[in-house]
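The values are calculated or read from the model by the stated rules, or taken from the named source; none is laboratory data. Every value quoted in this text rests on a predicted model; they were computed, and no experiment measured them. So basically every Cβ, Gly included, is an ideal-geometry build from the backbone, and we count neighbours across all protein chains shown. Heads up: the accessible areas ignore ligands, DNA and RNA and are worked out on the full protein's heavy atoms, side chains in. Shrake-Rupley method; radii C 1.70, N 1.55, O 1.52, S 1.80 Å.
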Amino acid sequence: MVRQEVDGGVAVLTLANPPVNALGAALRAALDAALGQAIADDSVRAIVLAAAGKVFVGGADITEFGKPPQAPSLPDILDRLDASPKPVVAAIGGAALGGGLELAMACHGRLAAPTATLGLPEIKLGIIPGAGGTQRLPRLIGPDAAFPMMLTGAPVSAEKAAALGIVDAVVLGDLVAAARTRALEIADSGRLPRVRDRSDKLTPEAREKFDAQAAEAVKRDPDATNVHALARAVRAGLEQGFDAAVAAERAEFRALVEDPRSKALRYAFFAEREAARVPGLAKDTPRRPIHTAAVIGAGTMGGGIAMCCANAGIPVTVIETEAGALERGLDRVKGLYAGSAKRGSITEAQREERVGRITGAVGLEHAGEADIVIEAAFEDMGVKRAIFSKLDGIAKPGAILATNTSYLDVNAIAAMTGRPQDVLGLHFFSPANVMRLVEVVRAERTAPEVLATALDLGKRLNKLPVTVGVCFGFVGNRMLERRSRAGERLLLEGALPHEVDAAVTAFGFRMGPFAMGDLAGLDIGWRSRKDFGGRAPIADSLAGQGRYGQKTGRGFYLYPDGARTGTRDPEVDALIEKTAAEHGIARRSFDSEEIVERLMYPMVNEGARILEEGIAARPGDIDTIWINGYNWPAWRGGPMHWADTVGLKTVAGALSRFAAETGDDSQEPAPLLRRLADAGSRFADWKATA
Ligand code: 3HC
């Protein structure tokens, strides 16, 4: 796991633990032994720590968290580095994250390749750095620069790291050779620079800035235990000696590993990665080359999808039925790029390059050369059928034909072509150029290579593709529909929109369902219920009055003078009461906890049906979809993981009660949920029990 080569007085230790050199027990043992050997070897004057593969070190091995510790620990290895009489220089060729950066910071020098990225992303896993990161980073770059970096967890580029002082230099040529030279220079100097000994960046100004940042962070996220712990750990480093502060950090880290929030976030991390693997789809399934794309429809969705292609370097033709709509669509796209360039999120050259990759055309015949055609026309079966039947005669043989639909039957759309094996659904989320999630809808006859190519393309587009089967609304919207229905029912039974929204935001969503409805436009659901059926008496009455939400200044809430946050409207309260009376429903009050149960348990129940029908391959896929497409709080791990933490017996019991109280049989626990609840089991164990 650690290759050792001694040459010219330098021992080069190369970590080789694919895929990401995570510092698991075996690698730690090998590294500790190799360091010990190099330090003991009289022919060695200096040591270089390098890594095989694209990643330097992706951090501690997250799979070991919560398990009995195995020596040597990462802090043991860092102690060995601290005590080393010989200089150790890290040659960072790729990502140095978490424990990886902590390891590098305990070295006596750090050089990075231009491709390296460096960061302490522990916060995203609900923890804080646990191997000196909260101590060494502030000593290297100041607490005022280190704290925000650890608070967001976002890595920085090699160039930025050099500017900040995290690495000594960026090396354009042979990184290991440069590290050898640097290590020998340090050996010759007779002085071993250790980050732990530095205090030059711990200035009064930097401390003051950090104090303000910490106060603000804790205020912004008062329930995030790890944000509090991070602030405490950094402060310990300013008030106590290095060793005491490292011990304080370690204690915080250990406690956080047991925190349910961290468990949920770690679960979500692995669920997201597992979602990339589709059961039954062989790894070596052939892929079709995708060099060019065509997007049908220059609306918000089509434009956003075209931008994703252009951002990924894929030339794309945007197709409309008439010149005016095309021009408006392309102008919108250009405006978005101009905005990004103005904000500095892309350079002017990138803006030009990306705009240059997008070509407009009128008429479907322009889709003939594309390797993939993504239809993003109206959500209307007639329109989509017509397009696909025409496309069949236009697209080149072997082209992938994708429909961007949120609800519609992809099998029926595929059946309009003589090549259903080439057809699948790609459900992008709005705004498509921003949202990571894409539901990849595998239709009955979609060929494995078409699915595999689409999944690869999703990754190229910097998306998170999750494979789902065909049903109305797929995974996300099908479950959302359950929540919407439950929300309407709650209104009729006694809750008010602001009470429901407050309960949902307190649960962790950024927005409640009614504020969300107002933002998206109540006309959308209203039209779709007209087309597809479904009842939402309150939302339909509001939309029927032209109260479409924010865009008309009135919906569930009032938005006077273009306000973005709604205020309560007594007229809406009266409408709700009147409608309830018409339905003969006696109203009562609901507390937040009951509101959450009434809204979320039916979603979990639908999730169970989705699993049983094979629409999603595993509970983690459903959770990945809800966290990334619907803003489910990641620290609750998604609806299925959350249900496991609540206990499936409790969930099933409550659903039976809802069904009895409302007379709505569809609220009864799904067979899978009932089975798991009866067995005292969890969704997490589902594969084993199915
Ligand atoms: N521990 C265990 N497994 C890990 C891991 C880690 N730190 N990082 C990645 N993996 C696994 C993934 O689960 C995946 O496994 P799979 O192939 O079986 O699904 C595999 O490595 C490849 O991962 P990705 O698909 O994410 O690979 P990419 O090339 O896209 O990205 C990466 C590489 C940027 C390193 C990314 O994996 C990543 O962000 N990893 C996590 C980084 C992180 O959070 N580090 C901090 C860990 S906590 C820590 O260090 C505590 C310390 O302070 C004591």
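Please report the accessible area of residue 642 (heavy atoms, 1.4 Å probe, ligands and nucleic acids excluded) in Å², nearest 10.
Here the accessible area works out near 20 Å².
Rounded to the nearest percent, how much of the accessible area of the chain (1.4 Å probe, protein heavy atoms only) is carbon and sulfur? It would help to have the intermediate numbers written out before the result.
On the way: 15450 of 28910 Å².
Looking at the chain in its full context, I get 53 percent from C and S.
Using 0.36 nm per residue of separation minus the Cα-Cα distance, give me the extension gain between residue 220 and residue 202 in nm, one decimal. Numbers along the way, then the final one.
Details: separation 18, 0.36 × 18 = 6.48 nm, distance 2.50 nm.
Using 0.36 nm per residue and subtracting the Cα-Cα distance, I get 4.0 nm.
Can you tell me the accessible area per residue over region 526-652, all protein chains present, probe 1.4 angstrom, in square angstrom?
Working: 5480 Å² over 127 residues.
On a per-residue basis, 43 Å².
Which lysines have a Cα lying under 20 Å from the Cα of residue 334, excluding residues fewer than 8 positions away in the same chain?
Result set, ordered by chain and number: 342.
Residue 381 accessible area, nearest 10 Å², 1.4 Å probe?
Approximately 40 Å² for this residue.
Among bridges DSSP assigns within region 2-257, what percent are antiparallel (round to 5)? Could the numbers behind the result be given before it?
Details: 8 of 28 bridges.
Roughly 30 percent of the DSSP beta bridges within region 2-257 come out antiparallel.
Using DSSP, restrict attention to beta bridges with both residues in the chain and report what percent are antiparallel, rounded to the nearest 5. Display every interim value, and only then the final one.
Values: 15 of 61 bridges.
Around 25 percent of the beta bridges assigned by DSSP in the chain are antiparallel ones.
Add -39500 (n - 2.57) for each DSSP H run of 4 or more in the chain, then divide by its residues: what number comes out at 222 nm, to the nearest 500 deg cm²/dmol? Could the numbers behind the result be given before it?
Numbers: 29 runs with 347 residues, N = 690.
It lands at -15500 deg cm²/dmol.
From the residues 558, 629, 472, which one has its Cα farthest along the dipole of the chain in the positive direction, the dipole being from +1 and -1 charges on Cβ of Lys/Arg and Asp/Glu about the Cα centre?
Of 558, 629, 472, it is 629.
Let me check something: with ligands and nucleic acids excluded, how do 232, 182, 674 order by accessible area (1.4 Å probe), largest to smallest?
Numbers: 232 120, 182 75, 674 95 Å².
Order by accessible area, largest first: 232, 674, 182.
Can you give me the accessible area per residue for region 2-257, using a 1.4 Å probe, in Å²? Don't skip to the end; give the middle numbers.
Details: 10340 Å² over 256 residues.
Per-residue accessible area for region 2-257 comes out at 40 Å².
Could you tell me which of 486, 294, 686 has its Cα farthest along the dipole of the chain towards the positive end, charges placed at Cβ (Lys, Arg +1; Asp, Glu -1), taken about the Cα centre?
294
Please report, in debye to the nearest 20, how large the charge dipole of region 490-555 is about its Cα centre when each Lys and Arg carries +1 at its beta carbon and each Asp and Glu carries -1 there. Don't jump to the answer; show the numbers that get you there.
On the way: 8 positive and 7 negative charges, 51 e Å.
The dipole of region 490-555 has a size of about 240 debye.
How large is the charge dipole for the chain, taken about the Cα centre, if only the Cβ atoms of Lys, Arg (+1) and Asp, Glu (-1) carry charge, to the nearest 20 debye?
Details: 82 positive and 86 negative charges, 109 e Å.
Approximately 520 debye in magnitude.
Top to bottom by accessible area (1.4 Å), largest first, where do 314, 358 land? Mind dumping the intermediate values first?
Details: 314 0, 358 25 Å².
Largest accessible area first, the residues go 358, 314.
To the nearest 10 square angstrom, how much accessible area does residue 551 have with a 1.4 angstrom probe?
Taking all protein chains as shown, residue 551 has close to 130 Å².
What does the charge dipole of region 354-406 about its Cα centre add up to, to the nearest 20 debye, if the Cβ of each Lys and Arg holds +1 and the Cβ of each Asp and Glu holds -1?
Numbers: 6 positive and 7 negative charges, 23 e Å.
About 120 debye.
If you stretched the chain out fully between residue 3 and residue 359, how much longer would it get, using 0.36 nm times the residue separation minus the C-alpha to C-alpha distance? Please report the intermediate quantities before stating the final value.
Numbers: separation 356, 0.36 × 356 = 128.16 nm, distance 5.07 nm.
In short, 123.1 nm is gained.
At a 1.4 Å probe radius, which order do 583, 108, 228 fall into by accessible area, largest first?
On the way: 583 85, 108 10, 228 55 Å².
Largest to smallest exposure gives the sequence 583, 228, 108.
Which of 145, 81, 43 sits farthest toward the positive end of the charge dipole of region 2-257, with +1 on the Cβ of Lys and Arg and -1 on the Cβ of Asp and Glu?
145
For region 293-473, report the convex hull volume of the alpha-carbon atoms normalised per residue, in Å³, without decimals. Mind dumping the intermediate values first?
On the way: hull volume 17.1 nm³, N = 181.
So the per-residue Cα hull volume is 95 Å³.
Using a probe radius of 1.4 Å on heavy atoms only, what accessible surface per residue do you get for region 293-473? Whole Å² is fine. Display every interim value, and only then the final one.
On the way: 7170 Å² over 181 residues.
Ligands and nucleic acids excluded, the figure is 40 Å² per residue.
What does the net charge come to around residue 384 if you take all other residues with beta carbon closer than 14 Å to its beta carbon, with K and R at +1 and D and E at -1? Could the numbers behind the result be given before it?
Values: positive: 385, 390; negative: 375, 379, 380, 392, 409, 531.
Once all neighbours under 14 Å are counted, the net charge is -4.
Let a ≥ b ≥ c be the square roots of the eigenvalues of the Cα gyration tensor of region 395-487; is it rounded (a/c under 1.5), or, if not, prolate (a/b larger than b/c) or oblate? All intermediate terms of the calculation are to be shown ahead of the outcome.
On the way: a/c = 2.34, a/b = 1.38, b/c = 1.70.
Verdict is oblate for region 395-487.
List the aspartates and glutamates whose Cα sits under 12 Å from the Cα of residue 160, skipping any in the same chain fewer than 8 residues away.
Leaving aside aspartates and glutamates fewer than 8 places away in the same chain, those within reach of residue 160 are 168.
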